[in-house]
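What follows is a short report on a single structure.
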Ligand SMILES: [Zn+2]
């Protein structure tokens, strides 16, 4: 039993804590670009909820490492400017899409993807889900995923090709969080945000956000690519992050099972869901408690 637990634990941790091959900033014509320092595979088996604004844990980031995320797009007047700013600095980010916006502007979704960014999901019409009946809330989530997938890959399916999700207004509840975890979807919170839902000048937003980033030192940064003030601020923000010695981490989904050798960590939780022998079920219980702490009890 002890050996089985150790093996499961080792596999599970390896899967999430080992970043994919780090790619140094390779920015043609811009040797001083901020760049993307490395990619990090994020897996619901080991980090089901990340971002200390609402959850106990965040991504395994080193000091001065940031993950940039943009919510609520795509939006035709602002998202292209955000993409230009990211491209100019060779920075890869994650966009959490609103499905009805993806429906309206699928070409921008495809551009985000083509330029190497990760595509996460943020419901269809951005309602607050916390007090909605579970089935209705999940239908809203699924409709969003399906419309994002349709824009991206031409197929409206409820299984996200990148299993990253953020609740609108961070309004989650335990049954919904459990559903996301069971489906292998990572729920992103944030560690720092620009409060860009409040109108302010780009300069004021820049100073506010930099002060907050310096305070937390690392983590997931939440911005909105639908906001003109954010789109205008972004080039200066990226420059200033470079000057202050920050580096950018790009979060990506685990590679498909066919690309992972048998027995690696991605199999831990599918295995746990289908384990039939009582000794195997017990081992899975131990692993879940050790990895997720209090979550495991639920
Ligand atoms: Zn939102």
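Does residue 209 meet the test of being in a helix (DSSP H, G or I), in contact with a strand residue (DSSP E or B) (Cβ under 8 Å, 6 or more places away or on another chain) and away from the ligand (no atom under 16 Å from the Cβ)?
Answer is yes for this residue.
From the list 154, 169, 116, 184, exactly one residue is within 14 Å of the ligand (Cβ to nearest atom) and at pLDDT 95 or above. Which is it?
Among 154, 169, 116, 184, only 169 is within 14 Å of the ligand (Cβ to nearest atom) and at pLDDT 95 or above.
Hey, could you check region 152-167 for residues that are in contact with a strand residue (DSSP E or B) (Cβ under 8 Å, 6 or more places away or on another chain) and outside any loop (DSSP other than H, G, I, E, B) and say which is surrounded by the fewest Cβ atoms within 10 Å (Cβ to Cβ)?
This residue is 152.
I'd like to know if region 71-78 contains one or more residues that are closer than 16 Å to residue 230 by Cβ, surrounded by fewer than 24 Cβ atoms within 10 Å (Cβ to Cβ) and more than 16 Å from the ligand (Cβ to nearest atom).
Looking for residues that are closer than 16 Å to residue 230 by Cβ, surrounded by fewer than 24 Cβ atoms within 10 Å (Cβ to Cβ) and more than 16 Å from the ligand (Cβ to nearest atom), one finds at least one in region 71-78, hence yes.
Is it the case that residue 229 is modelled with pLDDT of 95 or more, within 21 Å of residue 112 (Cα to Cα) and outside any loop (DSSP other than H, G, I, E, B)?
Taking the combined requirement at face value, the residue satisfies it.
The values are calculated or read from the model by the stated rules, or taken from the named source; none is laboratory data. The shown structure was predicted, so the numbers you read here are calculated from the model rather than taken from an experiment. Backbone-built Cβ (ideal geometry, glycine too); neighbour counts: all protein chains shown.
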